[in-house]
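Beneath this line is the structure, given in structure tokens, with notes to follow.
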Amino acid sequence: MFSSVDLTDSLSGSSVTATVKEVERGLQEDDSTLSLITWNIDGLDLSNLQERARGVCSYIALYSPDVVFLQEVVPPYLNYLQKRAVSYTIIPGNTEAYFTAIMLKKSRVRVLKHEITPFPTTSMMRNLLEVHATVSGNELCFMTSHLESTKTHAEERLNQLKLVLKKMSEMPASTTVIFGGDTNLRDKEVAKLGGLPSNILDIWEFLGKPEHCHYTWDTSQNTNLNARYKCKLRFDRLLLRAASTGGQIIPQSLDLIGLEKLDCGKFPSDHWGLLCNFDVVL
């Protein structure tokens, strides 16, 4: 099903690559900041996938983030990214069906190792992808996942969240841990756990719960699914466990991306992406 889709067929790939390089030439590397995007790019929806993939790449070119977390990547989408986003190291969480990936800017992020932890009782091929790296001399662990979907799988989703939080808490004290992804979480589910551990913060909450980036899955505004129901949820989240020694990575802003319709009449994804900017205090 997926191998029959060639994203390079009707895309002007060279123009995307040129745009990435042109934007990056105009940006000076700044050791005092860190930028990150997390986005469920809905590769499972094959309609207008070529134009939507080009749309996602245009946002990456525009913001030139240091790190990108992606969910619902499919093999031809990964292949397209590997050909076009040449300034990034791309580490996938799998290579079959659909999966997550982490993109790390080669000029900024030094990758040390990566690890994939399967969720033992998932029925949807879900796992946790983590990349250990250094940025400006700071030790970081970047984690992404796509937690079990739908309301009826809340118990499995919470088991997966518990595993993520345990992994975050167990990282060395000198390491800053940033988790981001499509959590499919409802607020009442997190409350059921008694909230997050005291050493892990939800970045949206830390920044004062800004309304402009509250809902990342909003069928009242995003028409990709042509859903008859109207539903607003904060599925996509970013969590931070700060390092207790050394440099500090402090969230400064959070914004939605992917809010503009493409020429095909669709948005790049049925999810909005999240763009987060951090200050790096050495």
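The largest-to-smallest principal axis extents of the Cα set in the range 43-194 are 43, 41, 25 Å.
Relative contact order for the chain: what is it in percent, counting Cα pairs under 8 Å that are at least 6 residues apart?
Details: 580 pairs, mean separation 55.3, N = 282.
Relative contact order, the chain: 20 percent.
Only Lys, Arg, Asp and Glu carry charge here, each on its Cβ (+1 for the first two, -1 for the last two); on that basis the range 56-178 has a dipole of about 320 debye about its Cα centre. For residue 167, the shell of other residues with beta-carbons less than 13 Å away shows a net charge of 0, using +1 for Lys and Arg and -1 for Asp and Glu. Estimated purely from DSSP H runs of n ≥ 4, each contributing -39500 (n - 2.57), the mean residue ellipticity at 222 nm for the chain is -7000 deg cm²/dmol once divided by its residues.
So, counting K/R as plus one and D/E as minus one, what does the shell of residues with Cβ under 13 Å around residue 259 add up to? Computed value for this residue: -2. For the range 80-129, what ratio Rg/Rh do Cα atoms give with a Kirkwood hydrodynamic radius? That ratio equals 1.03. Once you keep just the Cα pairs under 8 angstrom separated by 6 or more residues, what percentage relative contact order results for the range 59-178? Relative contact order, the range 59-178: 19 percent.
Taking all Cα pairs closer than 8 Å and separated by 6 or more residues, the relative contact order of the range 230-278 comes to 38 percent. Taking 24 Å as the straight-line reach from the Cα of residue 166, the lysines in range (excluding those fewer than 8 positions away in the same chain) are 113, 151, 188, 192.
Over the range 29-103, what is the percentage of antiparallel beta bridges among all DSSP beta bridges, to the nearest 5?
On the way: 7 of 12 bridges.
Roughly 60 percent of the beta bridges in the range 29-103 run antiparallel, per DSSP.
When you filter the trypsin sites (Lys or Arg not before Pro) in the range 197-234 for DSSP loop state and at most 15 other Cβ atoms inside 10 Å of their Cβ, you are left with 228, 230.
First select every other residue whose beta carbon is under 15 angstrom from the beta carbon of residue 204; then total the charges, Lys and Arg +1, Asp and Glu -1.
Working: positive: 186, 209, 232, 234, 237; negative: 182, 187, 202, 205, 211, 218, 236, 255.
Spelling it out: positives minus negatives among the neighbours equals -3.
Just so you know, all these numbers are worked out from the coordinates, no wet-lab data involved. Please read these numbers as outputs of a predicted model, since none were measured by experiment. Counting neighbours? That spans all protein chains shown, and the Cβs are built from the backbone with ideal geometry, glycine included.
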